[in-house]
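S.K.: The structure follows.
Quick note: the coordinates plus some simple rules give every number you see, no bench work behind them. Worth saying up front: this structure is predicted, and the values here are computed from it rather than measured. For neighbour counting, all protein chains shown are included, and Cβ atoms are generated from backbone atoms with ideal geometry for every residue, glycine included.
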Amino acid sequence: MTPNTSPGRLSGRVAIVTGSARNIGKAIALRLASEGAAVVINARTSQAEMQAVVEEIQTLGGQATGCLADITQEADVQRLIQCAISTFGRLDILVNNAAVRSEGKLEGVSLDEWRSILAIILDGAFLCSREAAAHLRCSNAGAIVNIGGMTGSSGASDRVHVVTGKAGLIGLTKALAWDLADDGVTVNLISPGMVATQRAKGSAEKPKHHAIHHPLLGRRGTPEEIAGMVVTLCGPDGRFMTGQTLHVNGGTYLP
């Protein structure tokens, strides 16, 4: 992120990015801030990491605040949305990024684990979108960007819960696009694949599907490349796109 010394494409906008203390979420938050948006950084428990992102944005001339919140809990989500309103006075952009990418043999996946993964991926995106909707409708350029995953379209072994959750996000994106279109709110999904990230606790360190999938471009993507696509969808160049899934995977999966 470079210092924010001139108005950007998102100047005056306010964004929430869930799961933004590290990796793709952090890159998205930094890029939104570099384009002029005020950003609410969110983590479930990582206070130190969250605050570090806030301070990085502020040091570079941007606006940011942090909010610890478990997006699977209604009260926490309501507090997260209110954090944006009380701190910055409005909400224009919601990026549903938080996720866990666990792996496990089908017979070994407990019902509790199934529900836990789906709660983070699907319940969290639903709750955040529902609570943000009224504020996004008041924006003249409201946008929701859901961060999916390649295996939600391609499938993969040993991740029945994750594949189901990511595939469900595609349906949620389409439903929200219909529900919010009358007020000019766009809703799209970015499906990253083969991106070089540090895995969060509970995620597979080396996913099995990485051994059989190879980007045509010969390298893994960067979190910053995903962030650039988010900015495009949230900015003035993305106002005629809604309900769509954008595959950003270097040619690993061709729908």
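S.K.: Pick from Leu176, Leu32, Leu94: which residue has the top mean-square fluctuation in a GNM of the chain where Cα pairs under 10 Å get a spring?
M.R.: Judging by the Gaussian network model, the answer is Leu176.
S.K.: Continuing with the same structure: Taking neighbour counts of Cβ atoms within 10 Å as a proxy for exposure, in what order, fewest first, do Arg220, Arg239 appear?
M.R.: Arg239, Arg220
S.K.: With just the Cα atoms defining each centre, how far is segment 215-249 from segment 30-53? Give it in Å.
M.R.: 19
S.K.: Can you compute log10 of I(q)/I(0) for segment 60-117 with the Debye formula, treating each Cα as one identical point scatterer, at q = 0.14, 0.15, 0.26, 0.28 Å⁻¹?
M.R.: -0.57, -0.63, -1.16, -1.25
S.K.: Something else: What is the Cα coordinate range of the chain on the first, second and third principal axes, sorted by size from largest, in whole angstrom?
M.R.: 49, 40, 39
S.K.: With the Cα gyration tensor of segment 45-187 giving a ≥ b ≥ c as the square roots of its eigenvalues, does the rule (a/c under 1.5 for rounded; else a/b larger than b/c for prolate; else oblate) give rounded, prolate or oblate? If you can, show how the numbers build up before the last one.
M.R.: Details: a/c = 2.10, a/b = 1.40, b/c = 1.50.
Oblate is the answer for segment 45-187, as a/c is 1.5 or above yet b/c matches or exceeds a/b.
S.K.: Would you be so kind as to identify which of Asn146, Pro192, Thr164 lies farthest towards the positive end of the dipole of the chain, taking Lys and Arg as +1 and Asp and Glu as -1 on Cβ and the Cα centre as origin?
M.R.: Pro192
S.K.: While we're here: What 222 nm value per residue comes from the helices of the chain, counting each DSSP H run with n ≥ 4 as -39,500 (n - 2.57) and dividing by all residues, nearest 500 deg cm²/dmol? Display every interim value, and only then the final one.
M.R.: On the way: 8 runs with 100 residues, N = 255.
The helix contribution divided over the chain gives -12500 deg cm²/dmol.
S.K.: Please list, or write none, the aspartates and glutamates whose alpha carbon is within less than 16 Å of the alpha carbon of Lys174, excluding same-chain residues fewer than 8 places away.
M.R.: Once the sequence-local aspartates and glutamates are set aside, what remains near Lys174 is Asp123, Asp182, Asp183.
S.K.: Still on this model: I need the shape label for segment 100-247. Rule: rounded when a/c is under 1.5, else prolate if a/b > b/c, else oblate, with a, b, c from the alpha carbon gyration tensor.
M.R.: Working: a/c = 2.41, a/b = 1.44, b/c = 1.67.
Oblate is the answer for segment 100-247, as a/c is 1.5 or above yet b/c matches or exceeds a/b.
S.K.: Figure the gain on full extension for Trp114 and Gln198 (residue separation times 0.36 nm, minus the Cα-Cα span) and round it to one decimal in nm.
M.R.: Numbers: separation 84, 0.36 × 84 = 30.24 nm, distance 2.27 nm.
Answer, rounded to one decimal: 28.0 nm.
S.K.: Name the cysteines of the chain that stand alone by the Cβ rule: no other cysteine Cβ under 4.7 angstrom.
M.R.: So, Cys128, Cys138, Cys234.
S.K.: What spacing in nm lies between the two simple spin-label points modelled at Asp179 and Ile85, each 7 Å away from Cα in the Cβ direction?
M.R.: Distance between the two pseudo-spin positions: 1.7 nm.
S.K.: Next up: Given 0.36 nm per residue, what is the gain on full extension from Leu216 to Leu106 after removing their alpha carbon distance, in nm? Write out the running numbers ahead of the final one.
M.R.: Working: separation 110, 0.36 × 110 = 39.60 nm, distance 3.01 nm.
Length gained between Leu216 and Leu106: 36.6 nm.
S.K.: Considering the zone a paramagnetic label at Gln244 would reach in this model (a point 7 Å from Cα along the Cα-to-Cβ line), which residues of segment 131-175 have amide N under 15 Å from it?
M.R.: Within reach of a label on Gln244: 144-146, 174.
S.K.: For segment 75-91, list residues with backbone N below 20 Å from a point placed 7 Å from the Cα of Gln58 toward its Cβ?
M.R.: 80-90
S.K.: At a 10 angstrom cut-off on C-beta neighbours, averaged per residue, how do the peptides 135-143, 109-117 rank from highest to lowest? Could you put the intermediate results ahead of the total?
M.R.: Values: 135-143: 18.0, 109-117: 13.8.
So the order, starting with the most tightly packed, is 135-143, 109-117.
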